[in-house]
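The structure appears below as structure tokens.
The values are calculated or read from the model by the stated rules, or taken from the named source; none is laboratory data. This one's a predicted model, so the numbers in the text were calculated from it and none came from an experiment. Cβ atoms come from the backbone with ideal geometry, glycine included; neighbour counts cover every protein chain shown. Each accessible area value is taken on the protein alone, full model and side chains, heavy atoms only, with ligands, DNA and RNA left out. Shrake-Rupley method; radii C 1.70, N 1.55, O 1.52, S 1.80 Å.
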Amino acid sequence: MYIIAGLGNPGKKYEHTRHNVGFDVMDVLAEKYNIRMDEKKYKAICGKGMIGSEKVVLVKPQTFMNLSGESIAEAVNFYKVDPASELLVIFDDISLAPGRIRIRKKGSAGGHNGIKNIIAQVGTEQFARIKVGVGEKPQGWDLADYVLGHMDKADRKLAEEAFLDAVSAVELIVDGKIEQAMNDYN
């Protein structure tokens, strides 16, 4: 079983902001695989289904970004999954241009507070992740204002193409082909 978590902030105010691209990818994934995201568990909105022959739980933490680990740790502990081989986290990355994704098997938080909290709560850096590019913040901008803001139309179109790439990468990763996903999309 795989837990696939897309990070973001709850509420209308944050829908489709740069920080919520993880939620956006979850929505595309849920729609493609007909997974109803209607359960409220683990401080998250969840849905269970299948991707290929693998059972998956899709998780959209409702704890706000910086406390994402509280929700994900609850799900990991409930299902007794091994984060190194059965957890995948999808989130925004300001060091990648819109339209780009980057896949990693493990790693540090790289300054991302949501990932920092997941590492602290789950107790390991050993989990796969897909970073979705939202572009670098312009000079003089506050980081929080930037990531909580919306992309312009051109960047949003690129981001939506990246969501499809992220879904294709999820399919490979769940099928045990993370190396191929990294080769195809990094």
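P(r) tail, the range 119-174: Cα-Cα pairs separated by more than 15 Å, 63% of all pairs. For the chain, complete DSSP H runs whose alpha carbons reach 24 Å or more along their own long axis and whose mean Kyte-Doolittle score is -0.5 or higher are 153-174.
If you count, for each residue, the other Cβ atoms within 10 Å and average over each peptide, how do 123-131, 104-112, 150-158 line up from highest to lowest? Could the numbers behind the result be given before it?
Working: 123-131: 20.8, 104-112: 14.8, 150-158: 13.2.
Listed from highest to lowest mean packing, they are 123-131, 104-112, 150-158.
Restricting the calculation to Cα atoms, every distinct pair contributes to the Kirkwood radius of the chain, found to be 16.0 Å.
As a rough guide to protection, the peptides 84-96, 136-148, 42-54 ranked by mean Cβ packing within 10 Å, highest first, stand as 84-96, 42-54, 136-148. So what does log10 I(q)/I(0) come out to for the range 77-186 at q = 0.13, 0.16, 0.17, 0.24 Å⁻¹, using the Debye formula with one equal point on every Cα and no solvent? Evaluating at q = 0.13, 0.16, 0.17, 0.24 Å⁻¹ gives log10 I(q)/I(0) of -0.52, -0.76, -0.85, -1.33. Extension gain, LYS55 to GLU125: 0.36 nm times the residue separation minus the Cα-Cα distance gives 22.9 nm.
For the range 32-185, the share of accessible area belonging to carbon and sulfur comes to 48 percent (1.4 Å probe, ligands and nucleic acids excluded).
Around the Cα centre of the range 70-165, unit charges on the Cβ atoms of Lys, Arg, Asp and Glu (plus for the first two, minus for the last two) sum to a dipole of about 300 debye.
Sorted largest first by accessible area at a 1.4 angstrom probe radius, with every protein chain in place, the residues LYS32, LYS60 fall in the order LYS32, LYS60.
To the nearest whole percent, what portion of all C-alpha pairs in the range 58-102 is separated by more than 18 angstrom? Percent of Cα pairs beyond 18 Å in the range 58-102: 39.
Over the chain, DSSP H runs of length four or greater, each weighted -39,500 (n - 2.57), average out per residue to a 222 nm ellipticity of -11500 deg cm²/dmol. Length gained on full extension, ASP184 to HIS16, computed as 0.36 nm times the residue gap minus the Cα-Cα distance: 57.9 nm. Projecting the Cα atoms of GLY140, TYR79, ALA120 onto the charge dipole of the range 77-151, computed from C-beta unit charges around the Cα centre, puts TYR79 farthest toward the positive end. Orientation-averaged projection of the range 1-89 equals 5.3 nm² [convex hull of Cα atoms, one quarter of hull surface area]. Per residue, the chain exposes 48 Å² of accessible surface when a 1.4 Å probe is rolled over the protein heavy atoms with every protein chain present.
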